[in-house]
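Scroll down for the structure; my scribbles are underneath it.
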Amino acid sequence: MKNLRDAIRAFIDERDLEQFHSPKNLAMTLSVEVAEITEHFQWLNEKQSRNLPPEKLAKVRKKIGDVMKLLAHATISQTMDTYSHVLPDMGGRTAVAMQNALP
């Protein structure tokens, strides 16, 4: 996770994107990106949604990557751990394993 955060931080710094990444703008952009993922599944039944054609699956994966980058940047810009909100809701060994895996 640390390597991913470092890579995203470098990407943002190299392009001077911080000036555009307020919590409001990140939330709005995240909403748009998630809607673009949803668009690929609109009108499909369950079976179709689990068996996307390769070209559509590639587009969905790219958009999921975009969402992940936005989430990681939101946590970087607000200096909070990406998964800190998840651990209190997890029980027992899973929470311990997640805590130990995080930098």
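The values are calculated or read from the model by the stated rules, or taken from the named source; none is laboratory data. Computed from a prediction, not measured in an experiment: that's the story for all the values here. Positions of Cβ are generated from backbone atoms using ideal geometry, with glycine treated the same way; all protein chains shown enter the neighbour counts.
Leu87 - would you say it is surrounded by 12 or more Cβ atoms within 10 Å (Cβ to Cβ), out of contact with any Phe, Trp or Tyr (no Cβ under 7 Å at 6 or more places or on another chain), over 19 Å from Lys24 (Cβ atoms) and at pLDDT below 80?
Yes; evaluated as a whole, the condition is true for this residue.
Residue pairs, Cβ under 9 Å, 6 or more apart or interchain, first in segment 21-44 and modelled with pLDDT under 95, second surrounded by 11 or more Cβ atoms within 10 Å (Cβ to Cβ) and not in a helix (DSSP H, G or I). List them.
What qualifies is Thr29/His21.
Being part of a helix (DSSP H, G or I) and surrounded by 11 or more Cβ atoms within 10 Å (Cβ to Cβ) is the filter here, so list the residues in segment 39-55 that pass it.
Glu39, Gln48, Ser49
What is the residue count in segment 17-42 for residues that are of a type in the set (A, V, I, L, M) and under 24 Å from Glu55 (Cβ atoms)?
4
Within segment 18-38, take every residue that is part of a helix (DSSP H, G or I) and of a type in the set (Gly, Ala, Ser) and give me the one that is farthest from Leu71 (Cα to Cα).
Out of the qualifying residues, it is Ala35.
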